[in-house]
Structure formats: structure tokens, C-alpha cells
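Read the structure below first, then the notes.
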């Protein structure tokens, strides 16, 4: 959940200096975005593919993430393990991540070494070796990652159960890492087909941020990526989520230290909203509820009534499909999950009835702006915001309007979206009831290789 909120925060700083972004399209369809930042002699290079877990049919869930792991397994030119070694020898860092709507690979290097990154990425865009024995080894790694991140983490497990209940037919019901039975049964052929289907220049965006000249970057990209042929990319089915017509609830009993509640309301994202202002108003609503100590839920339910020991709110406006507005909480000792649910719903009803005050709205907007200024310090996140907006189909330019749009949100609009979307008929709710601890719970965030 917190990770999801973090992704939302990335959108905050979209608009600062966005005019500096320069765009170039190669003949084979590869889009290149360059953001010049001359503060330190460093460059971040990211390649984003339009494929993630929401693209996967039943039976091969998690295959995008599995392929991300296999992309480090070598080509004719660079045998397994050499990719990471070359980057390390050049003083760089590299990794990759898979989401619901994208798979991305990145390197951070001293600015004169950008060509190294381009050569390696261009090479593995079309020449990756998918071998059965390497797949066997990597399957163990992914199963262990799933065990650490989900199976041994009661909150993550509850979230997985909730997603599968909240969505009827949206592919967002499947975990990014995949269901265990699917992971255990991947064949090399499945990965080969997936790779050939989606890994093409015309299904990718190359984002470069740092101490570079855009013209030079375009020339370099031309040299390494232009020879790669474009491909016919399959058209995605809409997979529009069925309308929900009543509250869905579940109780999950797991070994855990404390009880935990997760409430998820169906809400639109940028891609599916009819009136764009609603998305900005939902974003402001999330910050009103939970961002910093003065936000409503921490102030009233943690410090005020002392019902909750922890509270979080998450909403990803940049999703490709219909989203969930999520509220998570842990009650204090002596309070039940029902007490917690009643208290959270009372706070929501208050927001539906009375617009937030001018003072509160001003504070919330100031917080959004402060986040955006702070985030400008990170080259990686500047590149990430562009890559993400482009890859989910919003277009990187969306980033330029973000601050202005947030500033235009009114208190009445915040009340209206709370009233329209945070309703019982759109709600899925999950209780985690702790059972005796049979094992220590571990939780870990772990990227590829």
C-alpha cells in the first residue's frame, strides 16, 4: 500500500521544468525523451516497455515479471551475468521493475558512459537467450521472492486476496508476481512468445535524464536502436471492469501479530475518467485524509480518538484501468476491526457532507507543491515520471499540467468525488484476524536479480 502511495507521489512533481523535455521518434517507432539536468555529471537511462501484469491472460500470470528476471540472462554477445558486471565495472548501478502496466530497465552512470547502457539495452531488446536450465534456476528465485514479499507478509497477503475479490474481470485482480500455480508451470516457449510479442522498439520508450545534450542522445540512440526492426504489436482488449452492485467483504485468518483492515473503493484513473477534474479531486481527497500529521485520519483517529495505531491511504491516478482508492488501518489494542471500520466510515461521511475549509485545502495544495519541488532533486524520479505517464498511455505531456490542475481543485469538487465514489456499492472490505503466530513474519521489497 505504501509503495502504491509512493508511486502516486511521483506524479506530484510532473510539471516543474517539463518544458525542457525533448522528444524524438526513430523510424522504427522507438520514442526517446530527454531531460537535460546539468547539476552533476550523471545520467539516468530507462527503457520502458508497454507490457505488465495487466496484459497477461489466465494461466501465465506473472510472466512479464519472470521475463524481467530472464532479461539478465545473456545474449550471444554478452553471456549471462556480464550485463551487470559491465555496468558495475563502469561505476554504474542498474536494475529493473515490473508493474501492472509496464516493465522498465534502468542504469545510472557517469555521463560519458551512456553509450554502454544503449549498447546493452539494444542488444537485449532482440537477442536474449531463454534457456531451460536458466529458467529453472530463476523460477526458484521468483518463488522465494513471492514467499518473502507476499506469503510471509500478512498485510501483503490480505491485499492480494482483496484485489482478487474487488475486481470481477479486470486483470488488476492478478498479482504482478503471478499466482503460484502459474509461476511453477512457465515453459521457455511461454517466455519466448511473450518476449517476441511485446519487446519491440515501437512498444518502448527510452527516457534519459541528466548532464547530456538532447541532440547527442538522439544521435547515440539512432546508432544503437535504429537497426532494430519494428513489429506488429497485438491490440489489447478493453477488459472493462463489470459494475459493482454492493459491498463485498471477507475475513482472512492468518498468522499475524496485529489485526488489520483494508477498505477499497472503485474509482476512475486518468485513462478511464469522463471528467478529468475528478481524478485531481480524488488525489486531493487522498492527501486530505492522509499525508502528514495534520491530515484528517492521523489527526483524528490516531491522536484524537486513539482508535488506530497506523493508517494509510493509497490512490494511483496514473493507472491504465479502473483503480481502487484504498484505506488501510490497524486498530489499537482493545479496539476491534469493526470499531475501526465504523470510525473510518464516519470520517468519509463527514467529507461527503461538508466541504473542507479553505485553510485545510490551502494546506493540502501546499503539501502537493512541496512534494513536487523536493522530488526535482532526483534524476531517477524525473525520468520515471515521464516514462510512466508515457507508458500507461497518458502521454508525458500530462505531467506539465499536473500542478495547475491540482491548484484548480475546489473544496466542493473534493466533496463531490467523496460523495460519488466512496460509497457502499463500490466498496470491498477485508479484515485480517490474527491467528497464533506459527512463524516469524518477514516482509521485504526485492527487485530483479
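Look through 104, 115, 96 and report the one residue that is closer than 19 Å to residue 383 by Cα, modelled with pLDDT of 95 or more and crowded, with 22+ Cβ neighbours inside 10 Å. Let's see the steps before the verdict.
Values: 115 fails: crowded, with 22+ Cβ neighbours inside 10 Å; 96 fails: crowded, with 22+ Cβ neighbours inside 10 Å.
It is 104.
Considering only residues that are touching a strand residue (DSSP E or B) at 6+ places or on another chain (Cβ under 8 Å) and in a loop (DSSP other than H, G, I, E, B), which ones fall in region 229-252? Full working, then the answer.
To start, the set of residues in region 229-252 that are touching a strand residue (DSSP E or B) at 6+ places or on another chain (Cβ under 8 Å) comprises 241, 244, 247-252.
The answer is 241, 244, 247.
Kindly check whether there is at least one residue in region 122-130 that is crowded, with 19+ Cβ neighbours inside 10 Å, outside any loop (DSSP other than H, G, I, E, B), assigned by TED's automatic domain parsing to the domain that holds residue 204 and touching a residue at least 60 places away in the same chain (Cβ under 8 Å).
For region 122-130, residues crowded, with 19+ Cβ neighbours inside 10 Å, outside any loop (DSSP other than H, G, I, E, B), assigned by TED's automatic domain parsing to the domain that holds residue 204 and touching a residue at least 60 places away in the same chain (Cβ under 8 Å): present.
Hey, among the residues in region 253-272 that are more than 22 Å from the chain's Cα centre (by Cα) and part of a loop (DSSP other than H, G, I, E, B), which one's surrounded by the fewest Cβ atoms within 10 Å (Cβ to Cβ)?
257
Considering only residues of region 161-184 that are surrounded by fewer than 17 Cβ atoms within 10 Å (Cβ to Cβ) and free of Cβ contacts under 8 Å to residues at least 24 places away in the same chain, which is nearest to residue 32 (Cα to Cα)?
The extreme case among them is 164.
Is it true that some residue in region 286-303 is in contact (Cβ under 8 Å) with a residue 24 or more places away in the chain, out of contact with any helix residue (DSSP H, G or I) (no Cβ under 6 Å at 6 or more places or on another chain) and within 17 Å of residue 421 (Cβ to Cβ)?
Scanning region 286-303 turns up at least one residue that is in contact (Cβ under 8 Å) with a residue 24 or more places away in the chain, out of contact with any helix residue (DSSP H, G or I) (no Cβ under 6 Å at 6 or more places or on another chain) and within 17 Å of residue 421 (Cβ to Cβ).
When you look at residue 213, is it touching a residue at least 12 places away in the same chain (Cβ under 8 Å) and either buried (at least 21 other Cβ atoms within 10 Å of the Cβ) or not assigned by TED's automatic domain parsing to the domain that holds residue 48 (or both), yes or no?
The answer is no for residue 213.
The values are calculated or read from the model by the stated rules, or taken from the named source; none is laboratory data. Model, not experiment: these values are computed from the prediction. A quick note on method: Cβ atoms are made from the backbone with ideal geometry, for glycine too, and the neighbour counts reach across all protein chains shown.
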